[in-house]
Amino acid sequence: IRSVFDIYKRYEQTLKTINSIKKYIPDCFILFCECSDLTNYNDIQENIEQNVDQFLNFNNNSSVKNEVNSQYKGSGENSILLEAIKYVNNKNLIFDNVFKISGRYYLNDDFDFKFYNNNYNQFTLWDNNFNSYASLFYKIKYKYLNLLKTCFHLFIDKLKNGETLEILLNKYINENLEYKNIN
């Protein structure tokens, strides 16, 4: 709904994101989360499913879909991330690091995994604002995943009332997690 790109351009961008993750992050597990009606696009869904480790589509989850379609983008993203963490916990998946990347963004030759394979939680500033973290891409240590889940639960009402995910993420991370800013 919010994209200026048609479904085929978004699909192309998504494949570029997936391929960049595979190229630059060794031994990765890609959990792909979506909330689009792909009923008439089986070929797109099947191809994405074949290129990731797990594909989750929340289009039929009315509570997530309502948040994704709300006027507040961060509320939808927060709902999807809560479902992703629930999936990881329910499947007892364990990782060293958890990266979050949005679908039209991708890693490039400037990305060096060795700078992320450490004990830090790493965020970048949103628009060089010291009170705001970009939600497009960040890395946390797996051991903090449930703390991040708690954070996302605390954000629900705030996001539904128009506060931004980027500012809430920054405030909560600074108060509760060990972190390292990156650029």
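The values are calculated or read from the model by the stated rules, or taken from the named source; none is laboratory data. Since we're looking at a predicted model, the values are computed, not measured. For neighbour counting, all protein chains shown are included, and Cβ atoms are generated from backbone atoms with ideal geometry for every residue, glycine included. Ligands, DNA and RNA are excluded from the accessible area calculation, which covers all protein heavy atoms including side chains. Shrake-Rupley method; radii C 1.70, N 1.55, O 1.52, S 1.80 Å.
List of remarks:
- Relative contact order of region 107-183, defined on C-alpha pairs under 8 angstrom at six or more residues apart (%): 41 percent
- Pairs of alpha carbons in the chain whose separation is greater than 23 Å (percent): 42 percent
- Helix-only mean residue ellipticity at 222 nm for the chain, each DSSP H run of n ≥ 4 adding -39500 (n - 2.57), per residue, nearest 500: -14000 deg cm²/dmol
- Restricting region 78-125 to chymotrypsin sites (Phe, Trp or Tyr not before Pro) that sit in a DSSP loop and have at most 12 other Cβ atoms within 10 Å of their own Cβ leaves nothing.
- Farthest towards the positive end of the charge dipole of the chain, among the residues Leu82, Tyr24, Leu107, is the Cα of Leu82, using unit charges on the Cβ of Lys, Arg, Asp and Glu.
- The accessible surface of region 1-56, taken with every protein chain in place and a 1.4 Å probe, is 45 percent carbon and sulfur.
- Working from label points 7 Å from Cα in the Cα-to-Cβ sense, the Ile167 to Asn51 distance is 3.6 nm.
- Scanning the chain for DSSP H helices at least 30 Å long along the axis (C-alpha atoms) with a Kyte-Doolittle mean no lower than 0.0 picks out nothing.
- Listed by chain and number, the aspartates and glutamates whose alpha-carbon sits under 20 Å from that of Lys143, ignoring those within fewer than 8 places in the same chain, are Asp27, Glu83, Asp96, Glu175, Glu178.
- Using a cut-off of 28 Å between Cα atoms, the listed pairs Lys114/Lys160; Lys16/Lys160; Lys16/Lys158; Lys65/Lys171; Lys9/Lys149 include Lys114/Lys160; Lys16/Lys160; Lys16/Lys158; Lys9/Lys149 as exceeding that distance.
- Looking at region 1-96, the accessible area is 60 square angstrom per residue; that uses a 1.4 Å probe and ignores ligands, DNA and RNA.
- Considering region 37-92, its Cα convex hull presents a mean projected area of 4.4 nm².
- Hydrodynamic radius of region 70-146 per Kirkwood, over alpha carbon pairs, in Å: 14.0 Å
- Remark on Trp126: its backbone amide H falls under 5 Å from those of Ser132, Tyr133, Ala134, a criterion applied only to residues 5 or more positions apart or on other chains, H modelled at 1.01 Å from N.
- For region 98-183, carbon and sulfur atoms together expose 47% of the accessible surface, with a 1.4 angstrom probe and every protein chain in place.
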